[in-house]
Amino acid sequence: MTKSIATASINRETAVALVAAALAAARSIGIPAAVAVVDATGNLRAFERTDDAPFLTVDVAIDKAWSSASFGYPTHVWNDYVTKDPKVAPLAYRPRMVAVGGGYPILEDGKLIGGIGISGGNYQQDQDACVEALKKIGFQVPA
């Protein structure tokens, strides 16, 4: 009997490339940004913050990446879950849960390998920068 599971996770090179793509997307949108990429276990793999991004964006970006990797849902989807379903609403009070746009799971061939979080603009700008970065690197973008 096997006593372990095989897990896939984003590698460092791809995590760094995704951060660079996200920073470029944020620049094109015109927002300062902190960008975090976590692996499939929610641990930080790559991070960068522009000089003009407020310090709060650091934790928010990391927690958006963590939130999206936790169950494989974009953070804007979590917003719907925690506001519309009273059985799920208590999750909104988890210390690291961020239920606002700007976080996406990173999927390769349908398998969760990490999460990305961007903070610095409004929720739509952060979300748009995520989508642009994921597409540029060749990842699927879940709804």
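The values are calculated or read from the model by the stated rules, or taken from the named source; none is laboratory data. Quick caveat: nothing in here was measured; it's all calculated off a predicted structure. Heads up, the Cβs are rebuilt from the backbone with ideal geometry, glycines too, and the neighbour counts pull from every protein chain shown. These accessible areas exclude ligands, DNA and RNA; they are computed on the full protein's heavy atoms, side chains included. Shrake-Rupley method; radii C 1.70, N 1.55, O 1.52, S 1.80 Å.
Among the residues of segment 1-47, those identified as over 22 Å from Gln124 (Cα atoms), free of Cβ contacts under 8 Å to residues at least 60 places away in the same chain and not in a loop (DSSP other than H, G, I, E, B) are Arg12, Glu13, Val16, Leu44, Ala46.
Scan segment 1-25 for residues that are open to solvent by less than 100 Å² (accessible area, probe 1.4 Å) and at pLDDT 95 or above and the total you get is 15. If you go through segment 74-98 and keep only what is under 14 Å from Asp63 (Cβ atoms), surrounded by fewer than 17 Cβ atoms within 10 Å (Cβ to Cβ) and of a type in the set (Ser, Thr, Tyr), you end up with just Tyr93. Look through segment 101-140, keep the residues that are closer than 16 Å to Val35 by Cβ and of a type in the set (Val, Ile, Thr), and return whichever of them is surrounded by the fewest Cβ atoms within 10 Å (Cβ to Cβ). So, considering only residues that are closer than 16 Å to Val35 by Cβ and of a type in the set (Val, Ile, Thr), the one surrounded by the fewest Cβ atoms within 10 Å (Cβ to Cβ) is Ile137.
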